[in-house]
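S.K.: Right, I'll just put the structure down here and ask away after.
The values are calculated or read from the model by the stated rules, or taken from the named source; none is laboratory data. Values in this document were obtained by computation on a predicted structure and should not be read as measured data. With ideal geometry, Cβ positions are generated from the backbone for all residues, glycine too; neighbour counts draw on all protein chains shown. These accessible areas exclude ligands, DNA and RNA; they are computed on the full protein's heavy atoms, side chains included. Shrake-Rupley method; radii C 1.70, N 1.55, O 1.52, S 1.80 Å.
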Amino acid sequence: MNKQIFAGAVIAAALGFSAAAHAREQILRVCFGDTDAPRADKASGKGFDMDVMAAVAKRIGRTLEPVWIEQEPKMTEVEKSDLPLPDLIKGRCDAVASIPGVDALGGTGGQVELSKPYYGAGFEFVSKPDGPADLSQMKGKTIAIQFVTVGHMAMQALGLKWMGSDTPEGQIAALDAGEADAALVWGPALAPLKRAPHAGTLPMQALRWNQHVATRKSDAALTAGIDAALAAMASEGELAKLMQKHGIP
């Protein structure tokens, strides 16, 4: 009798473990910065990457579960320290969106894989309608930059006159106040400010990056599923519509 009870307990435990594992397989846990609008924002529960990854999850038969990572507001967008890759490696989530290429994977020890790119982002040239049209017209003029960003370093390297701000809001405020003739602003940050790049401009090559979804290298099947889902979304125009919805250049 005791053996039967023990055997029954083992079977029940095994079934319980199997059910729990199956439940986990139906969830796609994605790490998001909690103040990373327009890509993700905990307070509003909205964002471009949240919509993208919810659509990806649906296409691969899962449900999106956001994992919110606390971060400093208005962090520099391309610093490696912004990215919750350590949380991915530790298994806190299954994926991280908006990773700007392999150069962002330093320190991950080869444990992280990237999807194919699904959109591009860069530092955008912003000016008034009657202002400079692009960087080539900035000689003798002042451009507003965000301190300690790649854009900041690029303007120094070009020898342009610049004024600094801690935030994109500060950059746009300086432009609107006439303190600067133009601003070089991280593209996704323009959406919450309801601003757009100067018409016809494109970030210089050194100031734009393809964006990818990161997964653990051991989750090859998940990476393949995400790639297939993103490819379908691109071909059907869904990604373009989501970028337009969230105001991402």
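S.K.: How many of the residues making up the stretch 239-249 are open to solvent by 60 Å² or more (accessible area, probe 1.4 Å) and in contact with a helix residue (DSSP H, G or I) (Cβ under 7 Å, 6 or more places away or on another chain)?
M.R.: Total satisfying the criteria: 0.
S.K.: Please find, among 122, 164, the residue that is in a strand (DSSP E or B) and buried (at least 19 other Cβ atoms within 10 Å of the Cβ). Quick ask: steps written out before the conclusion?
M.R.: Details: 164 fails: buried (at least 19 other Cβ atoms within 10 Å of the Cβ).
Just one listed residue meets the conditions, 122.
S.K.: Can I ask one more? Quick one: residue 234 ticks every box in (1) at pLDDT 95 or above; (2) over 18 Å from residue 118 (Cβ atoms) except a single one, so which number is it?
M.R.: Just one mismatch for residue 234, condition (2).
S.K.: Take the stretch 177-201 and flag every residue that is open to solvent by 40 Å² or more (accessible area, probe 1.4 Å) and without any contact (Cβ under 8 Å) to a residue 40 or more places away in the chain.
M.R.: Residues satisfying the conditions are 177, 178, 179, 193, 199.
S.K.: Those residues that are under 25 Å from the mean Cα position of the chain (by Cα) and closer than 13 Å to residue 180 by Cα, I need them from the stretch 128-167; list them, please.
M.R.: 144, 145, 146, 164, 165
S.K.: So which residues in the stretch 206-231 are part of a helix (DSSP H, G or I), over 30 Å from residue 157 (Cα atoms) and either in contact with a strand residue (DSSP E or B) (Cβ under 9 Å, 6 or more places away or on another chain) or open to solvent by 30 Å² or more (accessible area, probe 1.4 Å) (or both), if there are any at all?
M.R.: 220, 221, 222, 223, 224, 226, 227, 228, 230, 231 - these are the residues of the stretch 206-231 that are part of a helix (DSSP H, G or I), over 30 Å from residue 157 (Cα atoms) and either in contact with a strand residue (DSSP E or B) (Cβ under 9 Å, 6 or more places away or on another chain) or open to solvent by 30 Å² or more (accessible area, probe 1.4 Å) (or both).
S.K.: Kindly list, by first and then second residue, each pair from a residue in the stretch 126-149 that is in contact (Cβ under 8 Å) with a residue 12 or more places away in the chain and surrounded by 15 or more Cβ atoms within 10 Å (Cβ to Cβ) to a residue that is in a strand (DSSP E or B) and among the hydroxyl-bearing types (Ser, Thr, Tyr), limited to pairs with Cβ atoms under 9 Å and residues at least 6 apart or on different chains.
M.R.: 144/165; 145/165; 146/165
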